[in-house]
Amino acid sequence: MSKKFVTFLPTGAKIEVESGTDLLTAAGKADIEIKAPCGGDGTCGKCVVQIKIGAGKAKRDSHLAAKLAEQGLNLACQILVQDEDMVVEIPKSSAMSKHQVLVDCNQSGEGITEDPLYGYDLNPLCRQIRLTLPAANLQDNRDDLNRLTMALRKETKCTDFSISLSIIRDLGEILRADNFKVTVLLSEIGDKAEVMAVESGHSHQPLYGMAVDIGTTTVVAYLLDLEKGRVVDTAGTHNRQARFGDDVISRIIYAVDEPDGLKTIHQSIIDTINALITDLLVKQSIKETDIRVIMTAGNTAMAHLFLGINPKFIRLEPYIPTANFYPAVRAQQLGLRVNDDALVFSYPSVASYVGGDIVSGTLFTDMGNAEAPIALLIDIGTNGEMVLGAGDWLVTCSCSAGPAFEGSGITFGMRAMDGAIERLEIDAETYEISYTTINNGKAIGICGSGLIDCLAKLRQTGIIDRAGKLQTSLPTERLRVGEAGPEFVLVWQQDTDLDCDIIISEADIKNLLRAKGAVFAGIRTLLNVVGFELDSIEHIYVAGGFGNYLNIPDAIAIGLLPDIPIEKYKYVGNTSAKGACMALLSQQAWAEANNLAGKITYIELSVGNLFMDEFVSSLFIPHTDLTLFPNVGL
């Protein structure tokens, strides 16, 4: 098969690909990210491009592709490179711009001041021990390995030591190079320890670790000084797996169904993390070999894809993951650009759709403490996951809600990127719109926090009724009937960075109602399962990047969150990353994380009718049962 060049405008990036490669894949090979919420299935219409030179072949006929072709546009995922070079222009509406990434750090000139241990004692999973061993002689003729392990027993609480053959081969020379003075790099878990390196002399080599939150949408990395127990720097970016779909189901399907799909999507997250590692190390003038341990936290599907584990059965009934607890592996096995022998730990999961990120959040919020008050932890990201309880009883569930709040299924929906509307107000008399966008650029779409504001304000001003139906008889030209039915203009074309108006349609509103209804139905289902009422909850912790920018009063007004006193709500930020830091810096925190994963009870919402009954009742604003929202004005 012949190879052809594809040039992407406006960057001018050029890549050579095999004939038959679709333009979305070609863009990915050129390190250009194009929006593709459906994972290249040709159904979302977000990967729009314009072919300037050359001609491609359509994968298949589709109504959407034909409609775009009439406008001189194409779907990148559906156009195959053929027998000539191509020049393709990517409009701003299709390009992935800089994401708004929550890293939860207060940085000063000397680094980050926030304590990453959150009450735990500093006792990292990896540390250096400097030993002076008794010298071998005719009276003390123990073998060198025994001599080392006996000394380690005295210095640690460990009784079981693992030492690789590669270390043992040179151990004799290392011990005698500086008269039996050595520095041992040790990873300790309970009473077991792994000797990662033995160096002659009492060296003082830098010792760093990485804590990584592997989110479906964004990835955040913390660089930690393990000996001082502090965060040195942080970095965040979007997850490069996005071109395989916005949600985990799309990515699982790609990994399972496409040739080399698992290998490709696994490499994509490794590349994402490596880019963050490189950025941090360059900024701090730290060598790759100084990174000796990594702790990751992510949902179950992300953990499987990160480790290269087949995720096939996560999405097939009865929804069983290959593993919930993962072995530590060497960095070189995954291709991470740190010390080859660095140990990589992964937070344990609970079930197919409740992963290590939620376990991490439960650890951070101290919900497993026997004296903790009853609390609810909610992480509304690409999925809606929650934990209810306190102490020894904790129940959890997951509901498919996030894709809409990440922009999927919404005409002008988008992630939290530059140009996304994040706050919105509507004048109750004139129906005029005021809004702010991320980084104050011209609007190109609307992200999750903006969608929540929009839905609340549309209802408060009477533009939609409780069922989400647009009231087209209102005296404003912003209300009109478009190609897909009734719609409301949020931003006129002249005020956008697009060649069209930004609208929200009645179909978009219905999708948002389903998303918000799923989250509230999940909360109600957990409460019903344990026989609790809302007023028994002392705290509601709102976690995650989306949650951090959420307008709580508006979220209550539309029926996304319970109508309880605002003071009971608490933003807790990126608890996945925070919990990863805690586990990396404290053996006790890591032990508690594993304990939590084992004792949290998972509720499968697809079993029985309870969730579906609650879901149907939640498809109104704020709810069918208005007694659940006594403080929401209608």
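Here are some notes:
- Mean-position separation - Cα centroids, the range 494-512 and the range 392-440, in angstrom: 12 Å
- Of K92/K457; K57/K510; K29/K516, pairs whose Cα-Cα distance is over 29 Å: K57/K510; K29/K516
- Q332 paired with R60, simple spin-label distance in nm, labels 7 Å along Cα-to-beta-carbon: 4.5 nm
- By the count of neighbouring beta-carbon atoms within 10 Å, fewest first, I277, I163 end up ordered I163, I277.
- Between A13 and R130, the modelled label-to-label distance comes to 4.7 nm, taking each label 7 Å out from Cα in the direction of the beta carbon.
- Sites E173 and H204, calculated FRET efficiency, Cβ-Cβ separation with R0 30 Å, nearest 0.05: 0.90
- Straight-distance crosslink candidates among aspartates and glutamates, where the alpha carbon sits under 14 Å from K67 and sequence neighbours closer than 8 are dropped: E483
- Extent along principal axes [Cα atoms of the range 218-286; Å; largest to smallest]: 46, 18, 18
- Distance violations [Cα-Cα > 20 Å] among K4/K46; K263/K312; K35/K442; K154/K181: K4/K46
- Between G215 and V220, the built amide H atoms are under 5 Å apart, and every one of these is 5 or more places off in sequence or on another chain.
- Taking a quarter of the surface of the Cα convex hull of the range 3-89 gives a mean projected area of 4.8 nm².
- For the range 432-445, 3J(HN,Hα) per residue [Karplus equation, 6.51 cos²θ - 1.76 cosθ + 1.60, θ = phi - 60°, Hz, x = Gly/Pro]: 6, 10, 10, 7, 10, 10, 5, 6, 6, x, 5, 5, 10, x
- Of the trypsin sites (Lys or Arg not before Pro) in the range 142-187, those whose Cβ has at most 15 other Cβ within 10 Å and which sit in DSSP loop: R142, K157
- Rg/Rh (Cα only; Kirkwood hydrodynamic radius) as it applies to the chain: 1.02
- Listing F325, F345, F5, F180 from fewest to most neighbouring C-beta atoms within 10 Å gives F325, F5, F180, F345.
- Spatial offset of the range 108-185 relative to the range 305-352 amounts to 28 Å, using the alpha carbon center of each.
- From least to most packed, judged by other beta carbons within 10 angstrom and beginning with the fewest, F488, F611 follow the order F611, F488.
- Here K599 is the anchor, and the lysines within straight C-alpha reach of less than 25 Å, apart from those fewer than 8 places off in the same chain, are K192, K570, K578.
- Between the helical axis of 261-284 and the longest alpha-carbon principal axis of the chain there is an angle of about 70 degrees.
- Cβ-defined net charge surrounding G39, 9 Å radius [Lys, Arg +1; Asp, Glu -1]: -1
- The simple spin-label model puts a point 7 Å past each Cα toward its Cβ; for D279 and K181 those points are separated by 4.2 nm.
- Exposed GluC sites (Glu not before Pro) absent - longest run of the chain, DSSP non-H/G/I/E/B, at most 11 other C-beta within 10 Å: 111-370
- Taking the inverse of the mean 1/r over every pair of distinct Cα atoms in the range 151-284 gives a Kirkwood hydrodynamic radius of 18.1 Å.
Quick note: the coordinates plus some simple rules give every number you see, no bench work behind them. Computed from a prediction, not measured in an experiment: that's the story for all the values here. Here the Cβ is made from the backbone with ideal geometry for all residues, glycine too, and neighbour counts use every protein chain on show.
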